[in-house]
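Quick one: structure below, then a few questions.
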Amino acid sequence: MYQPEGFVFIRYEHNPIITVKDLPYPANSVFNAGAITCDGDTLLLLRVEDRRGISHLTVARSTDGITDWTIEDRPALAPEPERHPEELWGLEDPRITYLEELGKWAVVYTAYSKAGPLVALAYTANFRTFERQGPVMPPEDKDAALFPETFDGRWALIHRPTPADTRYKAGIWISFSPDLRHWGDHQVLLPARDGGWWDSKKVGIGPPPLKTSRGWLMLYHGVRGTAAGDIYRLGLALLDLQDPRKVVARSEEWVFGPAEKYEREGDVAYVVFPCGWTLRDGQVRLYYGASDMCICLATARLDDLLAAVL
């Protein structure tokens with residue numbers, strides 16, 4: 001297995017860890033899962049694309065977070081376009097954050113509406129029942145995640161609006177809310193770079209930000225357009241602990257990119273796309289979608305990630 005020298009993330013040698021063959025019902029693909037640890041187990045909220053091309057979210061659990069996944073036989077969150085028209089064409093790319101102040105898990109996901117993708121929010125205490133809150137950002141917007149705590153009494157959301165004018169690049173924004181319903185103070189947090197950089201076409205957040213002693217660690221995907229198509233790779237940024245609008249550091253090089261066959265061949269080739277990670281005993285486990293077909297695992301030491309971004 002190819003492990004590029006100097007890269008801080010190391011692939012699990014038996015990737016992929018979940019494929020469509022592991023699902024208890026027919027589907028096209030499974031990828032881009034949110035990830036948490038809950039009651040000692042690892043829980044993944046899988047994005048499953050059915051054979052129509054419409055996505056829903058399904059729960060998988062594992063005691064070791066690597067093998068022996070128990071996947072529920074029905075979706076945890078399926079589109080309900082009659083009650084939630086913003087979900088007409090599916091639910092995608094969930095990111096999960098525990099909001100201790102509310103005593104609930106918040107699932108921020110992309111709802112694919114007739115007007116385009118938008119950011120939607122749901123709460124859950126057990127991943128069996130969910131309280132949909134509806135859209136929190138209008139189209140076109142996606143790649144969103146919440147911070148787990150407030151800043152001066154306001155919640156913070158990272159998201160990626162897409163400009164209608166193609167002359168402008170899609171960058172990462174941050175917005176604030178007193179109640180998780182009304183959002184404002186919108187501003188660019190991390191723009192796509194100019195020129196031939198690996199993240200020069202567009203950027204978007206990966207998993208929710210991770211709180212560390214040095215700042216909020218943010219893993220993001222960057223896209224470079226080439227004559228053969230887009231390439232999705234991953235980079236790091238560090239945000240100020242007290243004011244996440246301040247970018248303390250940003251990696252110049254990518255820290256993870258498609259190299260293995262399962263990352264280079266699929267429905268959307270040359271893509272590594274994470275929506276969740278977990279931290280235990282200083283080790284970060286990164287759960288990522290590979291080529292929009294399967295779910296894979298890579299690991300890194302938290303200290304190494306901080307050293308890479310700093």
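Is there a residue being among the aromatic types (F, W, Y), under 17 Å from A33 (Cα atoms) and out of contact with any His (no Cβ under 8 Å at 6 or more places or on another chain) anywhere in region 153-162?
Among the residues of region 153-162, not one is among the aromatic types (F, W, Y), under 17 Å from A33 (Cα atoms) and out of contact with any His (no Cβ under 8 Å at 6 or more places or on another chain), which makes the answer no.
Quick check on my filter: what residues within region 60-79 are over 21 Å from W277 (Cβ atoms) and in contact with a Pro (Cβ under 9 Å, 6 or more places away or on another chain)?
Within region 60-79, the first condition is being over 21 Å from W277 (Cβ atoms), and the residues that meet it are 72-75, 78-79.
E72, D73, R74 - these are the residues of region 60-79 that are over 21 Å from W277 (Cβ atoms) and in contact with a Pro (Cβ under 9 Å, 6 or more places away or on another chain).
Write out, first by first residue and then by second, each pair whose Cβ atoms fall under 8 Å of each other, whose residues are 6+ apart or on separate chains, and whose first residue, in region 1-23, is closer than 12 Å to G257 by Cα and among the hydrophobic types (A, V, I, L, M, F, W, C) while the second is assigned to a loop (DSSP other than H, G, I, E, B) and modelled with pLDDT of 95 or more.
Every condition considered, the pairs that remain are F7/V255; V8/V255; F9/V255.
Being free of Cβ contacts under 8 Å to residues at least 24 places away in the same chain and farther than 21 Å from R285 by Cβ: is that true of E82 here?
On the way: free of Cβ contacts under 8 Å to residues at least 24 places away in the same chain: yes; farther than 21 Å from R285 by Cβ: yes.
So E82 fits the description; yes.
Name the residue that is nearest to the chain's Cα centre (by Cα), counting only residues in region 10-51 that are among the polar types (S, T, N, Q) and within 23 Å of T110 (Cβ to Cβ).
The initial filter retains those residues of region 10-51 that are among the polar types (S, T, N, Q), namely 15, 19, 28-29, 32, 37, 42.
Among the residues that remain, those that are also within 23 Å of T110 (Cβ to Cβ) are: 19, 28-29, 32, 42.
On the way: T19: 18, N28: 20, S29: 17, N32: 7, T42: 16 Å.
So, considering only residues that are among the polar types (S, T, N, Q) and within 23 Å of T110 (Cβ to Cβ), the one nearest to the chain's Cα centre (by Cα) is N32.
Please tell me if Y123 is surrounded by 19 or more Cβ atoms within 10 Å (Cβ to Cβ) and part of a strand (DSSP E or B).
On the way: surrounded by 19 or more Cβ atoms within 10 Å (Cβ to Cβ): no; part of a strand (DSSP E or B): yes.
No; evaluated as a whole, the condition is false for this residue.
When you check L118 against the structure, is it modelled with pLDDT of 95 or more and touching a helix residue (DSSP H, G or I) at 6+ places or on another chain (Cβ under 7 Å), yes or no? Spell out the reasoning first.
Values: modelled with pLDDT of 95 or more: yes; touching a helix residue (DSSP H, G or I) at 6+ places or on another chain (Cβ under 7 Å): yes.
Spelling it out, L118 is indeed modelled with pLDDT of 95 or more and touching a helix residue (DSSP H, G or I) at 6+ places or on another chain (Cβ under 7 Å).
This table checks each residue for (1) of a type in the set (A, V, I, L, M); (2) buried (at least 23 other Cβ atoms within 10 Å of the Cβ); (3) in a loop (DSSP other than H, G, I, E, B).
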{"residue": "P94", "(1), (2), (3)": "no, yes, no"}
{"residue": "E101", "(1), (2), (3)": "no, no, yes"}
{"residue": "Y109", "(1), (2), (3)": "no, yes, no"}
{"residue": "Y112", "(1), (2), (3)": "no, no, no"}
{"residue": "R128", "(1), (2), (3)": "no, no, yes"}
{"residue": "Q133", "(1), (2), (3)": "no, no, no"}
{"residue": "E149", "(1), (2), (3)": "no, no, yes"}
{"residue": "A156", "(1), (2), (3)": "yes, yes, no"}
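Before we move on, is R47 under 30 Å from Q283 (Cα atoms), free of Cβ contacts under 8 Å to residues at least 24 places away in the same chain and in a strand (DSSP E or B)? Explain how you work it out, then say what you get.
Working: under 30 Å from Q283 (Cα atoms): yes; free of Cβ contacts under 8 Å to residues at least 24 places away in the same chain: no; in a strand (DSSP E or B): yes.
No; evaluated as a whole, the condition is false for this residue.
From the list T97, T70, T37, exactly one residue is in contact with a Lys or Arg (Cβ under 6 Å, 6 or more places away or on another chain) and of a type in the set (V, I, T). Which is it? Spell out the reasoning first.
Numbers: T97 fails: in contact with a Lys or Arg (Cβ under 6 Å, 6 or more places away or on another chain); T37 fails: in contact with a Lys or Arg (Cβ under 6 Å, 6 or more places away or on another chain).
Criteria check complete, one pass: T70.
The values are calculated or read from the model by the stated rules, or taken from the named source; none is laboratory data. Bear in mind the structure is a predicted one, so any value in this text is a computation, not a measurement. Neighbour counts run over all protein chains shown; Cβ positions are idealised from the backbone, glycine included.
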